[in-house]
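These notes concern the structure reproduced below.
Every read-out reported here was derived from the displayed coordinates using simple, explicitly stated rules and does not represent laboratory data. As the structure is a prediction and not an experimental result, all values here were calculated from the model. Don't worry about glycine lacking a Cβ; one is built from the backbone with ideal geometry, like all the others, and counts go over all protein chains shown.
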Amino acid sequence: MKTLAIRLDDDLHARLTIVAKLAEVSLTDAIRQAIESHVQTMSAQPDIQAKADTLRQDIEREAREQQGAISQLFGTTPPTKPTTRKQQT
């Protein structure tokens, strides 16, 4: 779980506090529910979905590029430690 600090105008804070009391939930739960609702609403919008598809493609392309760079640097298997031989006397 992450902690998030937000700044609210006094008026919005007062209204949110009243709504939370009326709903018999904590202020934290009221904020969490509002954020969850907003995220669901936004994620259903076609323009957000299109941007998500573009972002997914960008992430996948960057991952392929990074995997290619790692393969070029280290080959398909991880490098091994050099072995040392005991000198015979």
In sequence order, what are the phi-derived ³J(HN,Hα) couplings for region 35-51 according to the Karplus relation 6.51 cos²θ - 1.76 cosθ + 1.60 with θ = phi - 60°, rounded to whole Hz, with x for glycine and proline?
-> 5, 4, 4, 5, 4, 4, 4, 5, 5, 7, 6, x, 5, 5, 4, 5, 5
Rounded to the nearest whole number, the Stokes-Einstein translational diffusion coefficient of region 10-57 at 25 °C and 0.890 mPa s (Kirkwood radius, C-alpha pairs) in µm²/s is 197
In whole Hz, with x marking every Gly and Pro, tabulate ³J(HN,Hα) for region 17-23 from phi via Karplus 6.51 cos²θ - 1.76 cosθ + 1.60, θ = phi - 60°.
-> 4, 5, 4, 4, 4, 5, 7
Spin-label model distance (nm) - residue 25 vs residue 62, 7 Å beyond Cα toward Cβ = 3.3
Quickly work out the residue 36-to-residue 12 label distance, labels modelled 7 Å from Cα along the C-beta direction, and quote it in nm with one decimal.
-> 2.1
